[in-house]
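**Q** Below you'll find the structure I mean.
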Amino acid sequence: QVQLVESGGGLVQAGESLRLSCEASVSIFSVDTMGWYRQAPGKQRELVALITSGGFINYADSVKGRFTISRDSAKNTVYLQMNSLKPEDTAVYYCKARSARIYWGQGTQVTVSS
């Protein structure tokens, strides 16, 4: 069983930055992939960024150059640094861990005002 706890969401203005954190209850190297997803009202949940245990990183086209995913193995934590935020980035952001099973965090709200 893997528990994920997200934090760092909030209300910011367009152009500002936020850093999201996802703390796992297990070593992040014990899971195959950790990622950030988001879901805006009325839309499907979508991939934002992911990082594999081997260090492969992938980003959604909409966030490339603005968002950075990273990890701190000592803290069992994955981060999402979000810069140059836009109103269309407004969503609930979820952390996901995938190994033999898939685990989701509870989500953290990010609201970007114009």
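The values are calculated or read from the model by the stated rules, or taken from the named source; none is laboratory data. A quick note: this is a predicted structure, and the numbers were derived from the prediction, not measured. Because the Cβ atoms are built from the backbone with ideal geometry, glycine has one as well, and the counts that use them run over all protein chains shown. Only protein heavy atoms, including side chains, enter the accessible area calculation; ligands, DNA and RNA are left aside. Shrake-Rupley method; radii C 1.70, N 1.55, O 1.52, S 1.80 Å.
**Q** In the stretch 60-69, is there at least one residue being open to solvent by 20 Å² or more (accessible area, probe 1.4 Å), among the basic types (Lys, Arg) and farther than 15 Å from Asp89 by Cβ?
**A** There is no residue in the stretch 60-69 that is open to solvent by 20 Å² or more (accessible area, probe 1.4 Å), among the basic types (Lys, Arg) and farther than 15 Å from Asp89 by Cβ.
**Q** Further question on the same structure: Which of (1) touching a helix residue (DSSP H, G or I) at 6+ places or on another chain (Cβ under 9 Å); (2) over 20 Å from Gly107 (Cα atoms) does Phe67 not meet, given it meets every other one?
**A** Every listed condition holds for Phe67 apart from (2).
**Q** Looking at the stretch 32-44, which of its residues are surrounded by fewer than 19 Cβ atoms within 10 Å (Cβ to Cβ), farther than 18 Å from Val112 by Cα and in contact with a strand residue (DSSP E or B) (Cβ under 9 Å, 6 or more places away or on another chain)?
**A** Step one: of the stretch 32-44, the residues surrounded by fewer than 19 Cβ atoms within 10 Å (Cβ to Cβ) are 32-33, 39-44.
Of the ones still in play, those that are also farther than 18 Å from Val112 by Cα are 32-33, 44.
Asp32, Thr33, listed by residue number.
**Q** For the stretch 87-114, enumerate the residues that are open to solvent by less than 80 Å² (accessible area, probe 1.4 Å) and basic (Lys, Arg).
**A** Filtering the stretch 87-114 for residues open to solvent by less than 80 Å² (accessible area, probe 1.4 Å) gives 87, 89-97, 99, 103, 105, 107-108, 110-113.
Residue satisfying the conditions is Lys96 alone.
**Q** Considering only the stretch 66-110, state which residues are within 16 Å of Arg45 (Cα to Cα) and of a type in the set (Val, Ile, Thr).
**A** If the condition is that a residue be within 16 Å of Arg45 (Cα to Cα) and of a type in the set (Val, Ile, Thr), then Thr90, Val92, Ile102, Thr108, Val110 are the ones that fit.
**Q** OK, next. Tell me, which residue of the stretch 1-31 that is of a type in the set (Val, Ile, Thr) and under 24 Å from Gly55 (Cβ atoms) is most open to solvent (accessible area, probe 1.4 Å)? Show your work before the answer.
**A** Initially, the stretch 1-31 is screened for residues of a type in the set (Val, Ile, Thr), giving 2, 5, 12, 26, 28, 31.
Among the residues that remain, those that are also under 24 Å from Gly55 (Cβ atoms) are: 2, 5, 26, 28, 31.
On the way: Val2: 17, Val5: 86, Val26: 40, Ile28: 10, Val31: 6 Å².
The selected residue is Val5.
**Q** Of all residues in the stretch 58-114, how many are outside any loop (DSSP other than H, G, I, E, B), touching a residue at least 12 places away in the same chain (Cβ under 8 Å) and among the aliphatic types (A, V, I, L, M)?
**A** Residues in the stretch 58-114 being outside any loop (DSSP other than H, G, I, E, B), touching a residue at least 12 places away in the same chain (Cβ under 8 Å) and among the aliphatic types (A, V, I, L, M): 9 in total.
**Q** Out of the residues in the stretch 45-57 that are open to solvent by less than 20 Å² (accessible area, probe 1.4 Å) and free of Cβ contacts under 8 Å to residues at least 40 places away in the same chain, which is farthest from the chain's Cα centre (by Cα)? Quick ask: steps written out before the conclusion?
**A** From the stretch 45-57, those open to solvent by less than 20 Å² (accessible area, probe 1.4 Å) are 48-49, 51; that's our starting set.
The next check asks that each one be free of Cβ contacts under 8 Å to residues at least 40 places away in the same chain; those that pass are 49, 51.
Numbers: Ala49: 7, Ile51: 10 Å.
The qualifying residue farthest from the chain's Cα centre (by Cα) is Ile51.
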